[in-house]
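Q: Structure provided below as structure tokens; questions to follow.
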Ligand code: GLN
């Protein structure tokens, strides 16, 4: 597949025939990465996750409950793409309401990993990552609440970037956990991620959490020769599989050889990351998902009275979504609010402070993205086991930081291993510069 940079030099006729080719290849390939092939017309085609509104397209967040719902307006990221010569092309499969790490909970069925059709592509933006890695999309948008861009990118051997919270508008993104959600690019390489990030980042009056800090384009300032100070968190890495620890150690050597300074740090609060995230995220999710009542959006399953209609309609949510609604209601309930929700908010501050302390001495932090490579489809039965697989990604959302995941190695079965570079809030430039330097020196081949 041509890169995003190359696609920007193509004529509209060439791009039109590329779309026809992508659709045919996607249909015969069997990855189940696309759930639809709608197009907004001229411009470089970008695949869009099924939780981002594109005017007049169906938008269902991978859920049965939103069947039949058509978006009445464009998300701000879609307006931004159109203004910069891009178009929306195709809907990417995802875990229902972006809750998951495998893309197995979608109403549209499981998406497969292009590196092994018995492997999950990761989640929740698994459709976006599988399509980019499988050569059936030039680039895609995903959303990342606790890793959903970076982790599928790592499992599929492509690049995924979560911007700083507030750098990209959430207007028109179906909310999962509003204080954590960010839209970002999934691409074939680091430069393409920078191009797509520049295209979508903006101020936006329609999203009050969008930052008003000055926005400087990263692509034109990309500098892989910049020497950076990169922190490695020794106590953290030891929980990953041996293959991932080996890839991490090799990457540290490559970064040193490229002239970066490595500093060794520890983090004390990482053992609280998963609990904190799953309290904050489910509390916000339960509030956000209260709107799906059969009256205002999508599917309605009538009952004998209003309450029964609510109940019948909400029974359409899948198991994982129901589990999170129950957990969220529990942590917000009067008797437990202080013990769980308020405490989690306090720990969230400690986690952010710990990152900030490291960033007093370092420009970037190098971290695994996931403790293992992509697991086999159907192999995770215990929800807690799945939550644990988010251990390396969720703290970054709790702290609101930018991070980019890129492939650095493969395991003995040929499954990709990704690592992430985490940056200071609003310093996307350092993240992209460091990632480009690493991409240029690590010699990863597809
Ligand atoms: N796996 C995490 C969860 O299920 C992250 C999902 C996401 O980033 N949308 O909450």
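Coordinate-derived values only; no laboratory data. Being a predicted model, the structure only gives us computed values, none of them experimental. Neighbour counts run over all protein chains shown; Cβ positions are idealised from the backbone, glycine included.
Q: Based on the alpha-carbon gyration tensor of the chain, what equivalent-ellipsoid semi-axes (square roots of 5 times the eigenvalues) come out, in whole Å, largest first?
A: 31, 27, 21
Q: Based on the mean of other Cβ atoms within 10 Å per residue, sort peptides 417-427, 379-389 so the most packed one is first.
A: So the peptides 417-427, 379-389, ranked by packing, come out 417-427, 379-389.
Q: Can you compute the label reach from residue 10? Point 7 Å from Cα along the Cβ direction, backbone N cut-off under 18 Å, restricted to the range 35-65.
A: In the range 35-65, the label zone of residue 10 (backbone N under 18 Å from the point 7 Å along Cα→Cβ) covers 37-48.
Q: If you don't mind, another one. Quick one: which of 298-308, 54-64 comes out on top by average Cβ neighbours within 10 Å, and what's the full order, highest first?
A: 54-64, 298-308
Q: Let me ask something else. Taking R0 as 45 Å, what FRET efficiency do you get between residue 382 and residue 250 from their Cβ-Cβ distance, rounded to the nearest 0.05?
A: Efficiency, rounded to the nearest 0.05: 0.90.
Q: Further question on the same structure: How large is the convex hull of the C-alpha atoms of the range 71-199 per residue, in Å³?
A: Output value, Cα hull per residue: 97 Å³.
Q: If packing is taken as the mean number of other Cβ atoms within 10 Å per residue, what is the order of 8-20, 30-42, highest first?
A: 30-42, 8-20
Q: Moving on to the next point. Counting only DSSP beta bridges with both residues in the chain, tell me the antiparallel percent, nearest 5.
A: Of the beta bridges lying entirely in the chain, close to 65 percent run antiparallel.
Q: Counting alpha carbon pairs within less than 8 Å and at least 6 residues apart, what relative contact order, in whole percent, applies to the chain?
A: Answer for the chain is 18 percent.
Q: Further question: Relative to 2.2 N^0.38 Å, what does the C-alpha radius of gyration of the range 1-156 come to as a ratio? Two decimals please.
A: After normalising by residue count via 2.2 N^0.38 Å, the value is 0.95.
Q: Over the residues of the range 359-446, compute the C-alpha Rg and express it relative to 2.2 N^0.38 Å.
A: 1.21
Q: While we're here: Can you give the calculated 222 nm mean residue ellipticity of the chain, where each DSSP H run of n ≥ 4 adds -39,500 (n - 2.57) and the sum is split over every residue, rounded to the nearest 500 deg cm²/dmol?
A: One gets -10500 deg cm²/dmol as the mean residue ellipticity at 222 nm.
Q: While we're looking at this one, here's another question. Please give the direction-averaged projected area of the C-alpha convex hull for the range 240-281, in square nanometres with one decimal.
A: Approximately 4.4 nm², given one-decimal rounding.
Q: Related question: With the cut-off at 21 Å, report for the range 144-211 the share of all Cα pairs above it, as a whole percent.
A: For the range 144-211, the fraction of Cα-Cα distances above 21 Å is 22 percent.
Q: Grab the Cα-Cα distance for residue 301 and residue 238, subtract it from 0.36 nm times how many residues apart they are, and report the gain in nm with one decimal.
A: Contour length minus the Cα-Cα distance gives 17.8 nm.
Q: Now for a different question. Quantify how much of the Cα-Cα distance distribution of the range 150-296 extends past 19 Å, in percent.
A: Within the range 150-296, distances greater than 19 Å cover 69 percent of Cα pairs.
Q: Over the range 297-383, consider all pairs of different Cα atoms and compute the Kirkwood hydrodynamic radius from their mean reciprocal separation; express it in Å, one decimal.
A: 17.7 Å
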